[in-house]
């Protein structure tokens with residue numbers, strides 16, 4: 001089926017230890033609503049054939065029931081390690097952000113903070129140490145929506161010739177424990193991206209700060225609060241948020257790879273948990289991430305007025321976190337994220353009834369081409385010919 005590639009509004013769409021990825025969305029010609037679900041295993045095999053893919057896993061769900069699971073490729077580079085179990089865990093990257101924002105908005109619902117509370121008041125040490133410019137103007141709402149103007153601690157500073165420079169951290173440093181404030185400091189010398197509330201500009205720093213606000217407001221570490229409010233109640237039994245190295249992915253799973261300065265592929269399975277954190281550190285499964293998205297869309301996590309903080313379009317048309325595609329006469333949305341060696345996407349219908357969660361382990365620095373191939377999996381599954 002022909003398709004048209006559409007630029008998604010995310011810019012640097014996920015936490016990636018390497019070249020940032022512009023997530024891709026797709027618009028298909030409208031067709032009749034699908035009468036059945038396609039073969040998920042076939043979709044995973046097709047995705048595994050894409051250049052730069054080591055292994056894939058995916059699961060499709062309708063009304064909370066599994067309607068197909070699949071995996072292809074291999075656990076390790078070069079066809080080694082056997083196939084990845086279809087129920088295995090994977091890194092979901094910046095899909096973590098919507099979960100973190102949901103917890104923040106639950107705290108708003110409980111009256112512990114407000115969407116228009118200022119960063120200066122919620123995290124006084126950030127202002128006292130001059131880690132964020134104009135902290136007395138920036139609000140919780142602006143950080144959730146990426147309209148704060150706070151620069152991204154992840155984004156590599158450009159070289160004098162305009163090429164992309166070095167990141168603030170070493171992708172292959174799996175052991176150094178960084179505090180969230182350390183990450184915020186990395187962003188301080190970079191230029192702001194706009195006036196507070198003026199425009200959308202993706203920044204991982206927003207969510208590092210929101211994670212700190214959760215911990216300050218609750219007295220619990222972020223992992224504990226995420227489990228108490230989301231993972232436990234939604235029976236996301238295989239989902240967790242590691243915060244300190246060398247925590248990694250539990251159980252058999254696929255390994256991602258990333259090129260070093262000499263172009264040699266290195267295993268990044270032990271990606272530093274203290275760097276990802278609130279911006280992109282959750283480890284989950286196709287079942288669990290689909291359960292979260294279903295509960296969110298169906299209004300089981302937030303009242304409508306707070307849910308709209310995340311779901312309504314911003315003045316210039318950008319979505320806060322997700323983007324949409326026209327498919328089979330309806331609309332599917334994409335929640336995506338990437339870290340070094342990993343790319344994950346969750347496709348879901350507007351009514352929350354259907355989800356397809358997919359993960360690919362990679363052997364390339366720039367996963368944008370893999371994102372395009374991953375976009376086609378939802379057509380295979382939910383628009384079978």
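The set of residues in the range 363-385 that are touching a strand residue (DSSP E or B) at 6+ places or on another chain (Cβ under 6 Å) and under 24 Å from residue 202 (Cα atoms) comprises 365, 367, 370, 371, 372, 374, 375.
Select from the range 346-365 the residues that are surrounded by 23 or more Cβ atoms within 10 Å (Cβ to Cβ), touching a residue at least 60 places away in the same chain (Cβ under 8 Å) and in contact with a helix residue (DSSP H, G or I) (Cβ under 7 Å, 6 or more places away or on another chain) and list them in ascending order. Passing the criteria: 346, 354, 355, 356, 357, 358, 360, 362.
Per the conditions (1) within 16 Å of the chain's Cα centre (by Cα); (2) under 30 Å from residue 111 (Cβ atoms); (3) at pLDDT below 90, the sole criterion not satisfied by residue 368 is (2). Scan the range 105-114 and give yes if some residue there is buried (at least 24 other Cβ atoms within 10 Å of the Cβ) and part of a loop (DSSP other than H, G, I, E, B), otherwise no. The answer is no, given that none of the residues of the range 105-114 is buried (at least 24 other Cβ atoms within 10 Å of the Cβ) and part of a loop (DSSP other than H, G, I, E, B). Residue 80 meets all of the listed conditions (1) more than 20 Å from residue 199 (Cβ to Cβ); (2) surrounded by fewer than 19 Cβ atoms within 10 Å (Cβ to Cβ); (3) in contact (Cβ under 8 Å) with a residue 12 or more places away in the chain but one, namely (3).
Output the residue which, of all residues in the range 191-202 that are in contact (Cβ under 8 Å) with a residue 60 or more places away in the chain and either surrounded by fewer than 16 Cβ atoms within 10 Å (Cβ to Cβ) or closer than 21 Å to residue 274 by Cα (or both), is farthest from the chain's Cα centre (by Cα). Among residues in the range 191-202 that are in contact (Cβ under 8 Å) with a residue 60 or more places away in the chain and either surrounded by fewer than 16 Cβ atoms within 10 Å (Cβ to Cβ) or closer than 21 Å to residue 274 by Cα (or both), the one farthest from the chain's Cα centre (by Cα) is 199. Please go through the range 123-138 and give me each residue that is surrounded by 15 or more Cβ atoms within 10 Å (Cβ to Cβ) and part of a loop (DSSP other than H, G, I, E, B), ordered by number. 123, 131, 132, 133, 134, 135, 137, 138 - these are the residues of the range 123-138 that are surrounded by 15 or more Cβ atoms within 10 Å (Cβ to Cβ) and part of a loop (DSSP other than H, G, I, E, B).
Among the helices (runs of 4 or more DSSP H) confined to the range 227-344, the ones with at least 1 residues that are surrounded by 20 or more Cβ atoms within 10 Å (Cβ to Cβ), modelled with pLDDT of 95 or more and in contact with a strand residue (DSSP E or B) (Cβ under 8 Å, 6 or more places away or on another chain) are located at 273-280, 286-297. In the range 179-190, the residues that are assigned to a loop (DSSP other than H, G, I, E, B) reach residues that are modelled with pLDDT of 95 or more with C-beta atoms within less than 7 angstrom, at least six apart or across chains, in these pairs: 188/131; 190/151. Residue check: residue 220 meets all listed conditions (1) touching a residue at least 40 places away in the same chain (Cβ under 8 Å); (2) assigned to a loop (DSSP other than H, G, I, E, B) but one, namely (1). So for the range 145-152 (the condition being touching a residue at least 60 places away in the same chain (Cβ under 8 Å), over 25 Å from residue 256 (Cα atoms), under 20 Å from the mean Cα position of the chain (by Cα) and in a helix (DSSP H, G or I)), does at least one residue qualify? Checked against the condition, which is being touching a residue at least 60 places away in the same chain (Cβ under 8 Å), over 25 Å from residue 256 (Cα atoms), under 20 Å from the mean Cα position of the chain (by Cα) and in a helix (DSSP H, G or I), the range 145-152 yields no hits at all. Yes or no: residue 44 crowded, with 22+ Cβ neighbours inside 10 Å and either more than 30 Å from residue 271 (Cα to Cα) or at pLDDT 95 or above (or both)? Spelling it out, residue 44 is indeed crowded, with 22+ Cβ neighbours inside 10 Å and either more than 30 Å from residue 271 (Cα to Cα) or at pLDDT 95 or above (or both).
The values are calculated or read from the model by the stated rules, or taken from the named source; none is laboratory data. From a predicted model like this one, the values you see are computed outputs, not experimental measurements. When we count neighbours, we look across all protein chains shown, and the Cβ atoms used for this are built from the backbone with ideal geometry, even at glycine.
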